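Only one structure is covered here, and it is reproduced in the block below.
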Amino acid sequence: MRAVGAAEVAPTAYAWEIQAEGLKVRVGRRKMAVNGLDLSLGKGVHGLLGPNGAGKTTLIRALATVLRPAEGRLSLLGAPAGGHAGRRGLRRRIGYLPQNFGYYKRFTVREFVEYIAWLKEVSKEDIPGAVQRAIERVGLADRADDRMKTLSGGMVRRVGIAQAIVNDPDILLLDEPTAGLDPAQRVRFRELVQELGQDSCVLISTHLVEDVGTACSDVVLFAEGKLVFQGTPDELAAAGTAEHVGDSPIERGYSALLDHRPGQGAW
Ligand SMILES: Nc1ncnc2c1ncn2[C@@H]1O[C@H](COP(=O)(O)OP(=O)(O)OP(=O)(O)O)[C@@H](O)[C@H]1O
């Protein structure tokens, strides 16, 4: 029988995987793209919705410790996200798929995911197994030894998901992960994030309201840098009425909370 280490049986010492209080994050010189956010997220799959320019990417970048908050408090996995030493330890336990993720075109899929595993300080002996598992989970085992430049856009996005999960993160941040995926891949993606959400805190920024309805246990609606709503997909749907814009109850709920009515469509 395998010995169980103390760390595996110790109770989790924090209430929330992500906790923000009065969080403000600046982009450029003056723009406060996240402007006073109180948010607590635990394990599960959380959908982050909001109109263009709401501040979703900026929030995710701050949670990934790429951007430093201007004001307020941010705790990740029970630790303040501020200090240099703490950030390094946290990054090992965070998975992040940026909206536009960069990669080396000449790397094979396996080489690229291995490289990220190495950056995430996955132990040397665990890397081959972790990489193979991540590639299999996104359905790319048959392309593992192909160069990145030979993949389609949807496949590149799936490699992005593989690199984000290769370190079995406790916090997984996915910025528009389903952009470019075909319908069958989106269904598989939703199953995958539901599996991942059982043990970790998954935050998915998306414009596809249907992703939220089917994959997420919780919805965070963000507009103009502020939290507008947090609740279940059913609660979001209940906010809508027939007079609000949308093809589904969840879309109408979204429109209701942002006060979009027919004839008021705007870019
Ligand atoms: N480098 C920057 N300098 C100045 N303003 C910026 C910069 N980056 C983003 N912004 C502004 O900050 C706001 C939030 O942008 P952000 O990309 O976080 O929004 P978003 O919700 O992710 O949008 P989308 O859904 O379009 O991706 C927007 O008004 C955007 O124009």
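Please treat every number below as a calculation from the coordinates, not as lab data. Small disclaimer: the values here were computed from a predicted structure and weren't measured. No Cβ is skipped: glycine too gets one built from the backbone with ideal geometry, and neighbour counts run over all protein chains shown.
If you place +1 on the Cβ of every Lys and Arg and -1 on the Cβ of every Asp and Glu, how big does the dipole about the Cα centre of segment 130-222 come out, in debye to the nearest 20? Provide the component values of the computation, followed by the final result.
Working: 10 positive and 15 negative charges, 73 e Å.
Dipole size: approximately 360 debye.
Across the Cα atoms of segment 83-125, what radius of gyration and what greatest pairwise Cα-Cα distance (Dmax) are found, in Å?
12.0, 35
Place +1 on the Cβ of every Lys and Arg and -1 on the Cβ of every Asp and Glu in the chain, take the dipole about the Cα centre, and give the residue among P98, P169, P183 whose Cα lies farthest towards its positive end.
P98
Taking the Cα centre as origin and putting +1 on Lys and Arg beta-carbons and -1 on Asp and Glu beta-carbons, what dipole magnitude results for segment 94-178, to the nearest 20 debye? Could the numbers behind the result be given before it?
Working: 12 positive and 13 negative charges, 80 e Å.
In debye, rounded to 20, segment 94-178 gives about 380.
Given a cut-off of under 8 Å on Cα pairs at least six residues apart, what relative contact order in percent is computed for segment 101-146?
Across segment 101-146, relative contact order equals 46 percent.
Among rounded, prolate and oblate, which fits segment 97-183 when a ≥ b ≥ c are the square roots of the eigenvalues of its C-alpha gyration tensor, a/c under 1.5 means rounded, and a/b larger than b/c means prolate? Write out the running numbers ahead of the final one.
On the way: a/c = 1.62, a/b = 1.22, b/c = 1.33.
Oblate, because a/c is 1.5 or more while a/b does not exceed b/c.
Before anything else, pin down the relative contact order of the chain: Cα pairs under 8 Å, at least 6 apart, normalised by residue count, whole percent. List each step's numbers first, then the result.
Working: 515 pairs, mean separation 59.7, N = 267.
Relative contact order here is 22 percent.
Relative contact order (percent) for segment 15-78, with alpha-carbon contacts under 8 angstrom and 6 or more residues of separation? Write down the numbers at each step before the final one.
Working: 112 pairs, mean separation 31.1, N = 64.
Relative contact order comes out at 49 percent.
If you plug each phi of segment 78-93 into the Karplus form 6.51 cos²θ - 1.76 cosθ + 1.60 with θ = phi - 60°, what whole-Hz ³J(HN,Hα) values come out, in order, with x for Gly and Pro?
3J(HN,Hα) across segment 78-93, in whole Hz: x, 10, x, 7, x, x, 4, 5, x, 4, 5, x, 5, 4, 4, 9.
When 1/r is averaged over all different Cα pairs and the result inverted, which Kirkwood radius in Å belongs to segment 124-235? Display every interim value, and only then the final one.
Details: mean 1/r = 0.0662 Å⁻¹.
One decimal place: 15.1 Å for the Kirkwood radius.
Per-residue HN-Hα couplings for segment 136-144, Karplus 6.51 cos²θ - 1.76 cosθ + 1.60 at θ = phi - 60°, whole Hz, x for Gly and Pro?
5, 5, 9, x, 10, 4, 6, 10, 4
Please label the shape of segment 181-267 as rounded, prolate or oblate, based on the square roots a ≥ b ≥ c of the eigenvalues of the alpha-carbon gyration tensor (a/c under 1.5 means rounded; beyond that, a/b larger than b/c means prolate, else oblate). Before the final figure, lay out each step's value.
Values: a/c = 2.07, a/b = 1.64, b/c = 1.26.
Prolate, because a/c is 1.5 or more and a/b exceeds b/c.
Along segment 177-184, what does the Karplus equation 6.51 cos²θ - 1.76 cosθ + 1.60 (θ = phi - 60°) give for ³J(HN,Hα), rounded to whole Hz, x for Gly and Pro?
These are the phi-based 3J(HN,Hα) values: x, 8, 4, x, 7, 7, x, 5 Hz.
Residues with amide H under 5 Å of L227's amide H, sequence separation 5 or more or different chain, H placed in the peptide plane at 1.01 Å from N; which?
Counting only residues 5 or more places away or on other chains, the set is D38.
What's the magnitude of the charge dipole for the chain around its Cα centre, counting Lys and Arg as +1 and Asp and Glu as -1 at the beta-carbon? Answer in Debye, nearest 20. Intermediate values should be presented prior to the final figure.
Details: 34 positive and 32 negative charges, 263 e Å.
That gives a dipole near 1260 debye.
Tell me the Rg and the Dmax, in Å, that the Cα atoms of the chain produce.
18.9, 66
Given the -39500 (n - 2.57) contribution per DSSP H run of 4+ residues, what per-residue ellipticity at 222 nm results for the chain, rounded to the nearest 500 deg cm²/dmol?
Working: 10 runs with 93 residues, N = 267.
Result for the chain, helices only: -10000 deg cm²/dmol.
Straight distance only, please: which lysines reach the Cα of K24 with their own Cα at less than 26 Å, same-chain residues fewer than 8 apart left out?
K43, K56, K226
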